[in-house]
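Taken together, the values in this text are just the output of simple stated rules run on the coordinates, not laboratory data. The structure presented is a predicted model; accordingly, all values stated were derived computationally and were not measured. Here the Cβ is made from the backbone with ideal geometry for all residues, glycine too, and neighbour counts use every protein chain on show.
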Amino acid sequence: MTSRIMIVDDEQPIRESLQGLFEDEGYLVICAASGEEAMARLRKQAVDCVLLDIWMPGIDGLETLSRIRQMDENLPVIMMSGHATIDTAVKATRQGAFDFVEKPLSFDRLMIIARNAVEKRRLEQENADLKRPEQTQQSRQELLGDSSPIREVRHLIKRVAQTDTPVLILGEHGTGKAVAARLLHQASRRREGPFVEVNTASVPAAQMDSELFGHEKGAFSGALHSQRGRFESAHHGTLFFDEVTELSLSIQAKILRVIEERSVQRLGNPALFPADVRLVAASSRDLEQALGEETLREDFYYRLNVVSIRMPALRERLEDLPLLVSTLAEEQAHALGGEALRFSAQAIDVLKQHSWPGNVRELRNYIERCHILMPGETITPDNMLQPNQDGMAGRNARGAPDAMAFAIDSFREAREAFERQFILQHLEKNDWNVSRTAADIGMERSQLHRKIKAFGLAQRDREST
């Protein structure tokens, strides 16, 4: 992921020279001309490092540093000054500054310090993530909503959880079948045992035997060591097959035998290993059609389909949309930084008109796209990006193409497309007032003029895009 650097200095030439330096090194750069502007930007968009001048009008660098530390005490801040004393440097360090550099700046030294600061930030965030692996996004561990269809699903999960009966979970892509499977496991008597998921579409057919049943060293070419299969790993727990119709007919027959015998035989070993598992399977396909096409064995289907749970499509429970939108917006803000998006009631009404063929998964992707393009904004019908419809590129409410939906082959092209769309969107928002737009996005007016010229933007783009 590309790192973000914020440059805070009241001198425009310094901001522009540092911005060019860091952009040449592949960083994304955000500029602010004052401490007040820096704090406003940081509340909307997260960064990985701040370069902060000490002597500025308004709140000075030391006060800005203090406020940044109150907002995020782990954000590395590099102080810069051409008039600082040793006492000032010591005070900045005591307040938590990552380092202190004097002007005129040595770009080579500054780049090394910034690179170290960004790396420290990355390692701290990775370490924090490792210490809280159980903190999964709420939308990925709960079936959110209070509509009748989702309440019925939750009720059915509770009813069938206490048995060892196989369960078949049906529904369109993105409706939360994997979430339902985990909830079923957590509510069952096997909750202390493992929950093992098999994404059948991601395992090559030639490797499925080994993946499910395990193998011994030397059982086949490339088997350099013994390996337990998924059935053994799920012993006393739940084994979940996502998109079960992707399994071959021969594998379906072998699974039936393992379920009946509660034991499994590794490739290359005649011994039996215990495999007491509860089978849960999910499919987005029409299973009657799969039976007719003979891609699903009848005995396998009837063994699975003792109890079935149908996951409702998002369009069938639109009353849950406000809760889903607010939850997903908070999750994206936590994951990507900055303030959460806020959707007006009118914007929610517009979203309700979309059919959501990709269901909650599509909604999550849409909210992420909005958060990237419009961090911290209040979304209204006038500024919102429209969800993709029927596989076509998304367009915003004024018809401008959504840059994140383009087919782009390189990072450079993706970045240019993003910048062009971002600038065009904010020019539209500010009625093509360049000064207001520059202040709105934290860019120098002269630099914005250069970007407009480089991208060939003109006010006619309002009608032609």
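Would you give the gap between the C-alpha center of segment 288-356 and the C-alpha center of segment 174-236, rounded to a whole Å?
After rounding, the separation between the Cα centres reads 25 Å.
Please go through segment 30-82 and write out the GluC sites (Glu not before Pro) that DSSP classes as loop and that have at most 11 other C-beta atoms within 10 Å.
Taking segment 30-82 and a limit of 11 other Cβ atoms within 10 Å, the loop GluC sites (Glu not before Pro) found are Glu73.
For a quick protection proxy, order the peptides 423-430, 114-121 by their average other-Cβ count within 10 Å, most packed first.
Highest-to-lowest ranking by the protection proxy: 423-430, 114-121.
Sorted from largest down, give the three principal axis spans of the alpha carbons of segment 292-334, whole angstrom values.
Cα extents, longest axis first: 46, 23, 21 Å.
How would Phe107, Phe231, Phe273 line up from fewest to most surrounding beta-carbon atoms within 10 angstrom?
Values: Phe107 12, Phe231 29, Phe273 16.
Fewest to most other Cβ atoms nearby, the residues stand as Phe107, Phe273, Phe231.
Under a Cβ-Cβ cut-off of 12 Å, what is the net charge of the residues other than Met208 that fall near it, where Lys and Arg count +1 and Asp and Glu count -1? All intermediate terms of the calculation are to be shown ahead of the outcome.
Details: positive: Arg230, Lys254; negative: Asp209, Glu211, Glu246.
It works out to a net charge of -1.
Where in the chain are the DSSP H helices whose C-alpha atoms run 24 Å or more along the long axis and whose mean Kyte hydropathy is at least 1.6? Don't skip to the answer; put the middle values down first.
Numbers: long enough: 107-131 (36 Å, -0.76); 411-429 (27 Å, -0.92).
Result, helices passing both filters: zero.
Pick the calculated mean projected area of the Cα convex hull in nm² for this structure from (1) 24.8; (2) 27.3; (3) 48.4?
The listed entry that was calculated here is (2).
Per the Debye formula with a single identical scatterer at each Cα and no solvent contribution, what log10 I(q)/I(0) holds for segment 1-107 at q = 0.11, 0.17, 0.23 Å⁻¹?
-0.29, -0.72, -1.38
Over 22 Å apart: what share of the alpha carbon pairs of segment 90-223 falls there, rounded to a whole percent? Don't skip to the end; give the middle numbers.
Numbers: 5838 of 8911 pairs.
That tail contains 66 percent of the Cα-Cα pairs.
Per DSSP H run of n ≥ 4, the term is -39500 (n - 2.57); total these for the chain, divide by its residue number, and report the mean residue ellipticity at 222 nm rounded to 500 deg cm²/dmol.
That calculation yields -13500 deg cm²/dmol at 222 nm.
Among Tyr302, Tyr366, rank each residue by its count of other Cβ atoms within 10 Å, from fewest to most, as a rough exposure measure.
Working: Tyr302 10, Tyr366 24.
Ranked by crowding around the Cβ, least crowded first: Tyr302, Tyr366.
Order these by the 10 Å Cβ neighbour count, fewest first: Thr378, Thr64, Thr238. The partial results should precede the final answer.
Numbers: Thr378 11, Thr64 27, Thr238 24.
Final ranking by Cβ density, sparse to dense: Thr378, Thr238, Thr64.
Which residue, Ala46, Gly20, Ile78, has the largest displacement toward the positive end of the dipole of segment 4-131 when charges sit on each Cβ (Lys, Arg +1; Asp, Glu -1)?
Ala46
Percent antiparallel among DSSP beta bridges with both residues in the chain, to the nearest 5?
15
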